[in-house]
Amino acid sequence: MTWTPTQDVIEVQRGPDPGGLGGAYRAFGETLRGLKTVLGRLVEGPVTLEYPEDKTPVYPRFRGRHKLHRFEDTGLEKCVGCSLCAAACPAECIRVVAAENTPDNQVSAGERYAAVYEINMTRCIFCGYCEMACPFDAITMGNDYELADYTRSDLIFTKEMLLADPVERTPLRSEGE
Amino acid sequence: MAPPAERFVTFEIDGREVSAPEGSMLVDAAKYGDVEIPVFCYEPKLGQPVGACRMCLVEIEGIPKLQTACSTAVKDGMVVVTTSDRVKSAQNAIVEFLLVNHPLDCPVCDKGGECPLQDISFGWGAGRSRFIEPKRHFKKPIELSPLVAIDRERCILCYRCVRFSQEIAEDYQLVFLDRADHTYVGTHDGRPYVGPFSGNIVELCPVGALTSTAYRFRARPWDIEGSGTICTLCPSQCNVELTVRDDNTVLRALARDNVDVDDGWLCDKGRFGYEVTSARERITEPMVRDAGALRPVSWELAMEEAVRGLDRAGERTAALVGGQATNEEGFLLQFLMRSVLGSPHVDSRRGGALDPEQALALARPDLSAAVADLDTAGAVLVVGTELVDEAPILDLRVRKAVRRRHVPLVVATSRPSSLDPNAAAVLRYAPGADEAVLGALVAQLVGGDGERAKTRAGRASLHEAAEQLGMRRPPADADWSKLAGASADDVREAAGALRGSGPIVVIWGERLSHGERGRQAVGALLALARALGLNTGDGSGMIEIPTGANGRGLREVGCLPNLGPGLAAVEPPGLTAPEIAGALGDSLASLILFQADPLRTHPDRAAWERGLDRAGFVLAFSDFITESVGRFADVVLPAESYAEKEGTVTHPDGRLQRVRQAIGRPGEVRAQTEVLLELITELSGAPFSAQPAQLTRLMTDTVPFYRGLTLDEIGGRGLRWQDTDAAGQLPQTPLPEMELEPPPEPPEGLRLGVAPSLWAAPETDHAASLRFLAPRQQAELSAEDAGRLGIGSGDEIEVAVNGTSVRARAALRTAVPPGSVFLIEGTNDENATALTNGASRAVEVRKA
């Protein structure tokens, strides 16, 4: 059976013909309605931020760059190098090599300390399991999310980097905000 | 004698009918029904259960109180409940009780993650603590020994370590001190717990109370991988599991528990000797001697030099193979020597040739006992070897046979042995008189007390007795015991202990076959084997303790001057090691040292010094700059450690075992088989290459009685070739008969014997943890001789023969018989090998 294109066409709907009053309304009336919305937002002011000069504040439980902590009174590291964070880490980005404290070199409060503590930030998925696994609250997730760098090796954070007070660049959202 | 067949009984556990071997403890029997009963103190390897921890309480129908499953044997029709509320509350209570004083410092504790206390608290504990009172405190951690640290707070007093020390190692050092909750494990007066097996208590401890100093805080269980291999540091060839971190560092060695080899124990050398694999002073790149000093070079250059040196020497090359070499390496090396260079001078023994006929006889399957035969033997004879120093794990095995089954043990050694206190009879003889003492035993076993030989009728009956044993003639009529320097009563007692006691296992040291009278000594040993009927009974036989870890394997793959692969006689025979030393510089131009250090291990040090000096070219495969290498090697190729090798080794009882690569090779180190193949290719001009598995195949195909053994069959537990069909391929030889003629009269004066030492080895030089054990040369003397010479204990003395002397510290031992003096073999300096030359020697001892 030969196919003729007209067989598929059931009905053709068409708009009104241009011209006349209806045409004039469609040209100006609808445009003015759109302009009203635009001008209305203009009065409200901008909602975007001038990143990186201005930053979005984060919530207190936001999981950003990790921090290692020291005891405030003694200055000893809280981390005892137990490696539980490395065990919990689903991305396997934490590496801990422990060593024994000696009286001359007391680094942490327990018998052992982390001689090497590295987090590979290129792999980290910021799940926070390390923080949950830590029996001494030695590692916590900070607020910093600006972690970009030029080389991959710079993104392996060492113990010294994690222990140092991070430059608090990220504003925190205040309570109830 | 096969172990008696097990009978099974049926009992009910948790409502299920289960059948288990009769007499087994409920803990083990429950496993047949897939029921797990938690235990801390129960460890069948340690002997009788003690029921100390109370963790295994179960309810048994008909008994009002809960019973310990670890010390209750299963009986027919027993009804056991392990899941009732009563049992549960008891288990909760025990866990709570054990945790009362436990510090719960799991994040810091080395055991965390592989700790039975953690697992059982999690599985059977109540899950919450009610304890708020202060805990008991001890000072921690304390060094129990330089190798083991003890944390007494963590101890749950399970008795395992104490039982090990008391009943397995039998050093009786560890005890429980004080009472009640202040009980602690310690030594009598706080002395360090040092012994050849001390490291085992670390593995036994079910909590983190005993930790290894070397492994302390190095890794957590999830950081590491286990890699099974064989420890090739001594002939015991224990099965070990090396703990590897980051694929490149061995952090620990654990036992792999093979009842046919090691029974699950390790000596401290095996347990801590792994440190040599990552020692800083290890050779990791090839070196070539340049202007008198070894200088690191590229592989290309070193191989070029090696090929040039060997090519120039050609058939005037000799090779020494060290005991750490695998069968494949030995096989390739003898191939390189015999087929490529055309030189038969390859030796893995230290003290002269082994007679081909005797070698075949010693290899006979009916004459060789398996290690497990010690568990069923009727009597054990240890001849001419100090097991604790030469094959420590067999020492434990002999102790086990004596302790558990009261097997009569006869110790026949010239030096007082650590097994003496366990022995039913001790036969002490003069150093070097092995042949005479074996002859004395044969004469005693054949002829009774020697009086018979004095009459004609007596002699006739002697002949008859000898013939009944299949001997052509009884041993010659001589005062054997006097020639041996032993008392006739001791000989009689020893023979009496052995006679008619069932299957006998003889453990003998390869050393007695060394030297000029070695052939006669082995002849006497074979006569003894005949007199004891070792070739008739199932479960009896001999185990030879070689001087090198893989001595048996190297012999069987052809690393002997007169025997090729499969113990096939080679014509004309090559030079033996002592002959090589003399011929270097004359008929021999170059020497290959394959993981061998003749200056340290081989007798007659002066001859080796002279020989190495005169050798035109010395190629060494070595992992450390040993004295021989440092002073004389022209080209040094870095050797692999046992943790990096791939291949097979043969246990003294004929068990082939696989050595597996556990870690990556450090630095520039290459597989030695690969290097040997490259040498073969370069020197023969024909390209030759093979993968490790192909090499094993090649080796097993060439040795007739290894034929058909595959790596899969050998597997992780090893396979004795005597138990396979291939054993029939060993050429059948009758027991060679040598008429026992009395040996020549021994020299007059103080006779020198060597004392092998477990710690006089490279491991104590390069493993940091073991360094404190490196022995200083000492001369063991009887008090009588010392008194005559005016020497006091601890004096500096000189032991001298023909102008050569060794300085030593005098050690007076009451057990040393007068007329003998013993020096340690293989020490770093003042080595006893300076005075030995394979013959029985009299020495002069004087104050230095």
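Relative to the longest principal axis of the Cα atoms of chain B, helix B:392-405 runs at roughly 60 degrees.
Partner lysines whose Cα lies under 29 Å from the Cα of B:K75, excluding those fewer than 8 positions away in the same chain, are identified as B:K31, B:K45, B:K65, B:K88, B:K400. Measure off 7 Å from each Cα along the Cα-to-Cβ vector at B:R846 and A:F28, then give the distance between these two points in nanometres to one decimal. The two pseudo-label positions are separated by 13.6 nm.
Exposure proxy ranking for B:E133, B:E435, based on other Cβ atoms within 10 angstrom of each Cβ and starting from the fewest, stands as B:E133, B:E435.
Using a simple spin-label model with pseudo-atoms 7 Å out from Cα toward Cβ, B:E739 and B:I63 lie 6.7 nm apart. Computed over the alpha-carbon atoms, region B:600-659 gives an Rg to Rh ratio of 1.10, Rh here being the Kirkwood radius from the mean inverse distance. As a proxy for reagent exposure, ranking B:I132, B:I625 by other Cβ atoms within 10 Å from fewest up yields B:I132, B:I625. Shape annotation for region B:524-665: C-alpha extents along the principal axes are 52, 41, 26 Å, from largest to smallest.
Label-to-label distance for B:K140 and A:T37 is 7.1 nm, based on points extended 7 Å past Cα in the beta-carbon direction.
Among A:E77, A:E118, A:E11, the largest mean-square fluctuation in a Gaussian network model of chain A (Cα springs under 10 Å) belongs to A:E11.
In the frame of its principal axes, region B:139-278 has Cα extents of 45, 31, 22 Å, reported largest first. Ordering A:L68, A:I139, A:I119 by Cα displacement along the dipole of region A:66-163 toward the positive end leaves A:I119 in first place; charges were set at the Cβ atoms of Lys, Arg (+1) and Asp, Glu (-1).
Restricting to Cα atoms and excluding each atom paired with itself, what does the Kirkwood estimate give for region A:1-70 in Å? Evaluated on region A:1-70, it is 19.8 Å. Remark: mean inter-chain Cβ contacts per residue of B:112-122 equal 1, using a 10 Å Cβ-Cβ cutoff to other protein chain atoms. Beyond 22 Å, what share of the Cα-Cα pairs of region B:750-847 is found? Please give it as a whole percent. Value for region B:750-847 (Cα pairs over 22 Å): 27 percent.
Estimated purely from DSSP H runs of n ≥ 4, each contributing -39500 (n - 2.57), the mean residue ellipticity at 222 nm for chain B is -7000 deg cm²/dmol once divided by its residues.
For the protein assembly as shown, the residue among B:P196, B:W721, B:T10 whose Cα projects farthest onto the positive side of the dipole built from Cβ charges is B:T10. Pairs of alpha carbons in region B:8-83 separated by more than 20 Å make up 20% of all such pairs.
DSSP finds beta bridges in the protein assembly as shown, and of those with both partners inside it, around 60 percent are antiparallel. With Cα atoms as the point set, the radius of gyration and Dmax of region B:770-814 evaluate to 11.8, 37 Å.
For chain B, a crude dipole built from +1 on the beta carbon of Lys and Arg and -1 on the beta carbon of Asp and Glu, taken about the Cα centre, is about 1540 debye to the nearest 20. The mean count of C-beta atoms from other chains within 10 Å of the C-beta of residues in B:211-223, rounded to a whole number, is 4. Start at zero, step by 5 Å, and the Cα-Cα distances of region B:28-162 spread as 2, 9, 17, 20, 20, 14, 9, 6, 3, 1, 0 percent across the bins. Extents of region B:732-802, largest first, come to 50, 41, 23 Å (Cα atoms, principal axes, whole angstrom).
By the beta-carbon count within 10 Å of each Cβ, the least crowded to most crowded order of B:T376, B:T804, B:T229, fewest first, is B:T804, B:T376, B:T229. Between 0 and 90 degrees, the angle of helix A:20-44 with respect to the longest Cα principal axis of chain A falls at about 20 degrees.
Computed over all pairs of different Cα atoms, the Kirkwood value for the hydrodynamic radius of region A:66-163 is 13.7 Å.
Within region B:450-524, all pairs of alpha-carbon atoms sorted by distance into 5 Å bins from zero give the percentages 3, 12, 14, 23, 27, 15, 5, 1. Among the lysines, which have Cα under 24 Å from the Cα of B:K135 when same-chain residues fewer than 8 positions away are ignored? In chain and number order, the partners are A:K78, B:K111. Computed from the C-beta positions of A:T158 and B:D34 and an R0 of 56 Å, the FRET efficiency is 0.70 to the nearest 0.05.
The gain in end-to-end length when the B:Q694 to B:T536 segment is fully stretched comes to 53.1 nm, 0.36 nm per residue minus the alpha carbon separation. Pairwise inverse Cα distances across region B:568-634, averaged and inverted, put the Kirkwood hydrodynamic radius at 12.1 Å. The orientation-averaged projection of the convex hull spanning the C-alpha atoms of the protein assembly as shown amounts to 68.6 square nanometres. Rounded to the nearest 500, the helix-only mean residue ellipticity at 222 nm of chain A stands at -6500 deg cm²/dmol, with each DSSP H run of n ≥ 4 adding -39,500 (n - 2.57). Taking a cut-off of 54 Å, what percent of all Cα-Cα pairs in chain B are separated by more than that? More than 54 Å apart: 15 percent of the Cα pairs in chain B.
Using a Förster distance of 22 angstrom, determine the FRET efficiency expected from the C-beta separation of B:R295 and B:A606, and round it to 0.05. Computed FRET efficiency for B:R295 and B:A606: 0.15. Largest first and in whole Å, the equivalent-ellipsoid semi-axes of chain A read 62, 25, 13, each the square root of five times a Cα gyration tensor eigenvalue. Averaged over the residues of B:177-189, the number of partner chain Cβ atoms lying within 10 Å of the residue Cβ comes to 0. Compared with the dominant Cα axis of chain B, that is its longest principal axis, helix B:456-468 is turned about 70°. Computed from the C-beta positions of B:R16 and B:D712 and an R0 of 56 Å, the FRET efficiency is 0.95 to the nearest 0.05.
Values quoted throughout were computed directly from the atomic coordinates according to the rules given, and no laboratory measurement underlies them. Here the structure is a predicted model, which is why all the values come from computation and not from measurement. FYI the Cβ positions are ideal-geometry reconstructions off the backbone, even for glycines, and counts take in every protein chain you see.
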